[in-house]
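Take a look at the structure below.
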C-alpha cells in the first residue's frame, strides 16, 4: 500500500462557542417521522463520540439532545478525520481514512505525524490597520500526544508597538486535541481512524481595565443617538476578570467612518452609535484558522490542511439558510451544466431542498417588521421614479394593490383578506400568509404541481416573475452598461448593482432581506438559473394544448416530460409490470 | 430515506463525519457577510486577483449620497505574491515557464510592482473575455465619479473563474486626478483547492476579520434579516413542562400556540406577541453590552418553539392502516373529501355572518372580529385545499395502479357534521351563523382526537406502507397537521369573542333566496359563480389526472376567479342579512 496524498474530512467545519465544558452531541437533519409531523424538518440524534480521559473516543447514540448544562450552552466542537489517497494496485487509487493498520502498512507511525493549528482573531486589526491589534494562537502537536492543547492567543508586535493582548494575559481561542486511535470498532465506527478535534472557546468578551460599564443605545439597529446624548440603559460591558487588554492601543480610540476602508456596515462594535462612537476596545474569542497535518513516511512528507471557523451558536439548529456558504462557493467555482434529462431527478431534488430551506428560514422571520423597514429605506434613501410600477417599491408593496404579484403569491381567495396598508392588523396576517405560501411547498408533490402542474392557476411566467432575479455575470453586466442611463430601467432577466431600481426592495422572493452589499437579497446566479430552467424548460410537447404552457422565451430546445408526468408514467409502468407478474 | 439533500459542493464536503452535528457543516452558515456570522464571504474577493490584496472602500450606507467619492472603490492594500499558491513563486522553480503566471510574477517583481507599492492605487477598469467594465458612474452634476466599493465588489464577485483571464487597469489616484497607471493580466483566484479546502492564500483570521466585535453586538443589532435560520426573529414560546402538547408538538393553550413572540426579548419569560415593526420591538429586546453576558440566556429554538435545555426527538406514532387501497379510497371518497367540502362551505357561511370592524364600532371588538374573519377564511381556504389533496391522493392511487378503473373527481359535500367519533350521532349540516354553540361544534370537529383527525391518521398510516408511493403520504400528513392548527385557531376565536354577546358581533342573516328583485339578482349571480367554481374544479382535477396540465391550470385559474367573485357577492348579501344557501343544502 502506497500513500499518494493525504487530506482532512471535513475540509472545512464550523465550531460554535458555548460556555459548557461538554460539547454538543451529534444530530442530523431529518423529516418528522410522526403522523402529525407533516414531514417538516427536525433533528434526530446521530452517533456521538465521547472523548475519554486517555484521549480515545467511545461512540454512543444519544436518546435526547441536550443543548445546555445549567445556564451554559454546549459548544459545537467538530472532529476532523485524516484520510489518504492510497495506491492499492497499478492503476487502482482509493480514498480511505488513515487507520492504525493503514499507517503501519504504509510504513508510518503516530510519532511521524505532526499537527499544527493556527487560529486568529483579526477583527480589531482589520479596523485599526495595525497587526498588533490581532491575536493569534498556535499549537504544534505530535501524533502520539493526546492531551488537550489550549490555544492561547497573544498579539504579535514589533519593537515599540503596543500589543492588544499581552503575552502574560492571553485569550483562549479554544482547544485542540489529537484523538488516541485504538484498534476497536464499536457501533460500526472504526476507532483506529486518525482524528483530531477543535473545541471552540467559551464565548467570552474581553476589554481593557476601563471597559467597565456604559450606556447602550436604545435605538433600533443602525440608528445613532445625537453625539452629545448618551441615553439608554447602563450595562456592564465586560466582566471584571476579562478586563485584561492593553488600554494603550488604537483599538481603544478607534472611531468609525474616519477611514473609507472600514468594513461595512461599520457600526458593528461595542461603542458604535453612542456618543462619539469611540470603541470600548472590546474583542470576542471567535476566530478562524488552519489545521495542518504533516506526515512523514519513508522520508517523504505529505501535507493536509483543513479550516475551522469558530463563531456564534446556531440558535435554530433544525432550520437551514436557503443561501448558505456552500451555495456561495458553488456559485463562484462550479459552472452549472444546464438542465439535462439524465440529471433531472437530481435537479428536482436540489429544487425541492431549496424550497424546504426557504420555508425553514421564512418560518422564523418577522416578515411584517422586515417589510416595514425595507419600504422605509426605499423611501428615505432613494425612491424609485415610479414607486407604483409593479412590483411596487412604495407602501403598497405586498398588498392587494401590488398586482399581479401579490395575487399570484397567495391566491385570490385570500387576497381580499389582507387589509390595505392604512388598515390595522396588517402585520398579523403577514405571518399567517408567509406560512401559508411556503409551508405546503416543502412537500415534493405540492411543489411539483406548483411549478409544473396546475400551479394553483398561475402560469409559469407568473411563478418566474415572483422570484427576484440574481445579479448578472460579469459579461452580462458589461453588456448592460449603456442601458443604465434610462431611469425607468428594469430588467427581469438579471440585476445590475449599478442600476438604481435593482437596489430597491420589493415583494419578489425573497422579500425585504438584505444581501452582502445591502442590496435586496436574491438567490445566487447558480440557484436562480437552475430554478428558472427547471420551471421553464422541461415539458412534454405531446401535452401542449394551450399557449399558457408553451415554452417561454429562452427555454432550451430539448423537450422531455415534466417530472409529474414522468413520475406518473413510471408508476404506471411499475403497476403494469407487477400486474403481469401476478398473472 | 430522507429527501433532505446533502450539499453537493464536492464529494468530500458531502461526507458526514461521525460525531459532528449537522450545524458544524458549511451548509448551515448563511452565505452572507453582515456581522455576527461564522465568516464573511466578501473577504474571498479581497484576494480575487492572485498576488494583490484589495479593500472595497464603501460608504457606510450604500444608498447614501456621495460625499467623498474619490475615496471609494477597489483600493489596493498591498502586494502579497511571495507566498501566493497560484503564482508558484514560493516553490522557487528555476525553470519558470512562459505562462501568464510567470509574466504576472515578473510584473510584481519588476517596475510595475514597484509602482504599485507606492501611493493610492485603485482598479479603474476590469476586462474579461472581450468584455470590460469601467468602475465609474455619472453623478447628478454629470461628473464621472468612482463606483461605491460594494457595487464594485459585486461586479468583481461575478467574474468567471479560470480558464478565463482577467485584465486589470489600475490607476494611482489623488482626489480626482489620475497620476499613473498599470495593467496586469491574471485570472480570478480559485477559492477552494482540489481537496475542498479554502486556498492557503487566506491567512488565519482573515475570513472573520470584518465581522462584528464582539459578535454579540450584532446579535442585538443586525437589521438585515437574512439569517432567521440561525438567529430567529419570531418564535413560539416554550411549553411548560407540566402541560401536554398537542400531537403535532404545539401548545394546547390556543393563545400560546398562535402567538409568535420576539426571540430577542430581554424578559425571557414574556409571552407577549411580537410587534410588526422593529422600533416597537426594540425597547423590550436585549441591549448592546447586555447581550455580551446574556447570550446564553437566549433559547434554542426547535420546531419553531423555544426549548429550555433538552430536545426530545419526534417519534413515529402508530395508527391502524386500512386493509386495502380500495378501503382507503372508499374512506376518502365517501367520508373525508365530502366532509372537507361540507366544512369549507359551512365555515364560509359562518364567516359571512361575522360583522366587519366598521359594523361594530368598538375598538376592542374590532380586533376580535378581524381575527375571527381572518382565521375562518384561512381555515375555510385550507379545507378547500384539503379537498383538492384528497382528490389528488385518489388520482395518484389510480396512477400508481393501486386502484382499478379510472379516477373521477369527488366534489359532493357531506350531509352531516362530524362532531363526535360516532357517525350515528352527527347532526345535519346547518348553515349556521357563528354562534357560540356552532363555534363549539367546530372545535369538536377539529379536535385532535376527533373523527377527522383519527381517520386521516389511519390514512397516513396506510399510505406509509411500502406498497404506496412515499410522496402521497406527505399530503395526508399535512392535512392532519393543518387540522390541529384549525383546532387552535377556533379556540383562539372563542377566547377572543368570549367577553361579547353574539348580537355584538353577529349579523342577523338567514339562508335562502331573498324577495327583493335586486337582491335576487345578486343572489342568483352568486349561485352561478358557485356552480362555476365546482364545474371548473371538476374539469381541473380531471385534467390533472390525465396529466393535461395546461388545461388544469386554466380551470384552476377560472375557479379561483369565480371564488373571488362569489366571495364579494356573499359579503354584499350578508351585510343585508342574506345568507347563501348552497345548492342541495
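Bear in mind these aren't lab numbers, they're just calculated from the coordinates by the rules spelled out. Only a predicted model underlies this, so the values are computations on that prediction, with no experimental measurement involved. Glycine gets a Cβ as well: all are built from the backbone with ideal geometry, and neighbour counts include every protein chain shown.
Observations
- Calculated FRET efficiency for the pair residue B:444/residue B:308, C-beta based, R₀ 41 Å, to 0.05: 0.80
- For chain B, the longest principal axis of the C-alpha atoms and the axis of helix B:517-546 are separated by about 60°.
- Estimated inter-spin distance, residue A:481 and residue B:508, nm [label 7 Å along Cα→Cβ]: 7.6
- Relative to the longest principal axis of the Cα atoms of chain B, the long axis of helix B:363-399 makes an angle of roughly 90 degrees.
- Cα shape, region B:467-585, gyration tensor, a/c 1.5 rule: oblate
- Whether region A:268-328 is rounded, prolate or oblate, judged on the alpha carbon gyration tensor where a/c under 1.5 counts as rounded: oblate
- Gain in span if fully extended, residue B:67 to residue B:255, counting 0.36 nm per residue against the direct Cα distance: 62.6 nm
- Pairwise FRET efficiency - residue B:494 versus residue B:515, Cβ, R0 = 35 Å, nearest 0.05: 0.50
- Folded to 0 to 90 degrees: helix B:451-463 orientation relative to chain B principal axis, Cα: 50
- Chain A: C-alpha gyration tensor shape, a/c 1.5 cut-off, then a/b vs b/c: oblate
- Spin-label model distance (nm) - residue B:111 vs residue A:186, 7 Å beyond Cα toward Cβ: 7.0
- Average beta carbon contacts from partner chains per residue of A:199-207, 10 Å cutoff: 3
- Size-normalised alpha-carbon gyration radius of region A:307-390, reference 2.2 N^0.38 Å: 1.53
- Residues residue B:77 and residue A:255, FRET efficiency given R0 of 22 Å [Cβ-Cβ distance, rounded to 0.05]: 0.60
- Net length available on complete extension from residue A:144 to residue A:579 is 150.3 nm, with 0.36 nm assigned per residue and the Cα-Cα distance removed.
- Calculated mean residue ellipticity, 222 nm, chain B: -12000 deg cm²/dmol, from DSSP H runs (n ≥ 4) at -39500 (n - 2.57) each, averaged per residue and rounded to 500.
- Residues of region B:560-574 with amide N under 11 Å of the 7 Å Cα→Cβ point at residue B:525: B:565-566, B:568-570, B:572-573
- Sorted peptide list for B:271-279, B:202-210, B:393-401, B:307-315, criterion being average Cβ within 10 angstrom, highest first: B:202-210, B:393-401, B:271-279, B:307-315
- P(r), alpha carbons of the protein assembly as shown - 20 Å bins starting at zero, rounded %: 11, 39, 36, 13, 1, 0
- Euclidean distance of C-alpha centroids, region A:1-36 and region A:125-189, integer Å: 21
- Maximal additional length on extending the residue B:546-residue B:359 stretch stands at 62.6 nm, based on 0.36 nm per residue less the C-alpha distance.
- With the simple model of a label 7 Å out from the Cα in the direction of the Cβ, residue B:130 to residue B:465 spans 6.4 nm.
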